[in-house]
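**Student:** This is the structure I want to talk about, given as structure tokens.
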Amino acid sequence: MRRQARADANQPTIVAALRRCGFVVAHCHTVGGGFPDLVISRNGWTGLVEVKDGGKPPSARKLTKDEADFHQKWPGEIFIVESVEDVLKLNERFINEAV
């Protein structure tokens, strides 16, 4: 039986930053099976976001086996976000490339 999924401690801060950038955010960290923590959308574009706690040591930020398997099989891009700075980089990329 799968244990109760928990959001990373920084997820509320990441979500708030994404929303300030104009993204609509849906929480998915309880889906399981390696599915990313968030689905984000803006201007008709939708993306997947895996949140990792940048305050933890690198070994604690590694993808789980299920996450790595999901990332490998998913045909689209999944963004890994550890900080507000990562959100700002994602937002800048979105603006510059019109993802």
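The values are calculated or read from the model by the stated rules, or taken from the named source; none is laboratory data. Predicted model, so just to flag it, every value in this text is computed and none were measured. Ideal geometry is used to build each Cβ from the backbone, glycine not excepted, and the neighbour counts take in all protein chains shown.
**Student:** All but one of (1) at positive phi; (2) in contact (Cβ under 8 Å) with a residue 60 or more places away in the chain hold for S83, so report the exception by its number.
**Tutor:** (1)
**Student:** In addition: What's the total number of residues in segment 33-42 that are surrounded by 13 or more Cβ atoms within 10 Å (Cβ to Cβ), out of contact with any strand residue (DSSP E or B) (no Cβ under 6 Å at 6 or more places or on another chain) and either under 23 Å from T64 (Cβ atoms) or of a type in the set (A, V, I, L, M) (or both)?
**Tutor:** 2
**Student:** Give the residue that is nearest to the chain's Cα centre (by Cα), with candidates limited to residues of segment 43-62 that are over 16 Å from N10 (Cβ atoms) and crowded, with 16+ Cβ neighbours inside 10 Å.
**Tutor:** Only one residue tops the list, namely L48.
**Student:** Which residue is surrounded by the fewest Cβ atoms within 10 Å (Cβ to Cβ), if the candidates are limited to segment 1-30 and must be modelled with pLDDT under 95 and over 12 Å from the mean Cα position of the chain (by Cα)?
**Tutor:** Across segment 1-30, the extreme among qualifying residues is M1.
**Student:** Which of the residues that make up segment 64-99 are outside any helix (DSSP H, G or I), surrounded by 12 or more Cβ atoms within 10 Å (Cβ to Cβ) and modelled with pLDDT of 95 or more?
**Tutor:** W74, I78, F79, I80, V81, E82, S83
**Student:** Only residues that are hydrophobic (A, V, I, L, M, F, W, C) and part of a loop (DSSP other than H, G, I, E, B): list them for segment 27-52, please.
**Tutor:** C28, V31, F35
**Student:** Restricting the first residue to segment 43-66 and requiring it to be among the acidic types (D, E), which pairs with a second residue that is surrounded by 12 or more Cβ atoms within 10 Å (Cβ to Cβ) and modelled with pLDDT of 90 or more meet a Cβ separation below 6 Å and a spacing of at least six or different chains?
**Tutor:** Taking only residues 6 or more apart or on different chains, the pairs are E50/P36; E50/D37; E50/I78; E50/I80; D53/N10; D66/G34.
**Student:** Is there a residue being part of a loop (DSSP other than H, G, I, E, B) and hydroxyl-bearing (S, T, Y) anywhere in segment 8-16?
**Tutor:** No.
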